[in-house]
Amino acid sequence: MNRHLLTSLGLLALFSSRLVAAVDSVVVFNELHYHPLDGAAGGEWIELHNQMAIDIDLSGWHLEDGVNFTFPEGTIIAGGGHLVVAADPAGLQAATGLTGVLGPFTGQLANGGE
């Protein structure tokens, strides 16, 4: 193989791995509801925020430790958008009118911190 092609492929691989790392850091935890007033774990939820102007595919991403949830295939968080994952998505949607809530997640958010 030609030395210039190998160098180009090496730079592409390096650039690609850095791009993936950068994209992974653009979705942040925006808000957590970890201690519902009634004390029920079903009232817990996590809101994610995409800080970029481009859509991010969360397929296969997962939350783990305190709560566990794997984002289903085709889960997209719009550029600048928010996405909520709840212990009881139907209950949260009924109580707030919010739509598109994912879940349920298993486990529980610790009231003293994670």
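Details
- Per-region count, region 50-76, residues in contact with a His (Cβ under 8 Å, 6 or more places away or on another chain) and crowded, with 16+ Cβ neighbours inside 10 Å: 3
- Among (1) at pLDDT 90 or above; (2) open to solvent by less than 50 Å² (accessible area, probe 1.4 Å) - the single one GLY10 does not satisfy: (1)
Listed here are the residues, each with its yes/no results for (1) part of a strand (DSSP E or B); (2) at pLDDT 95 or above; (3) over 11 Å from the mean Cα position of the chain (by Cα).
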position: LEU5; (1), (2), (3): no, no, yes
position: GLY39; (1), (2), (3): no, no, yes
position: GLY42; (1), (2), (3): no, no, yes
position: GLU73; (1), (2), (3): no, yes, yes
position: LEU83; (1), (2), (3): yes, yes, no
position: ALA94; (1), (2), (3): no, no, yes
position: PRO104; (1), (2), (3): no, yes, yes
position: ALA110; (1), (2), (3): no, no, yes
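- Residue in region 89-114 that is surrounded by the most Cβ atoms within 10 Å (Cβ to Cβ), counting only those that are over 20 Å from ILE76 (Cα atoms) and in contact with a Gly (Cβ under 7 Å, 6 or more places away or on another chain): LEU109
The values are calculated or read from the model by the stated rules, or taken from the named source; none is laboratory data. Being a predicted model, the structure only gives us computed values, none of them experimental. A quick note on method: Cβ atoms are made from the backbone with ideal geometry, for glycine too, and the neighbour counts reach across all protein chains shown. Protein only, heavy atoms only, side chains kept; ligands, DNA and RNA dropped before computing areas. Shrake-Rupley method; radii C 1.70, N 1.55, O 1.52, S 1.80 Å.
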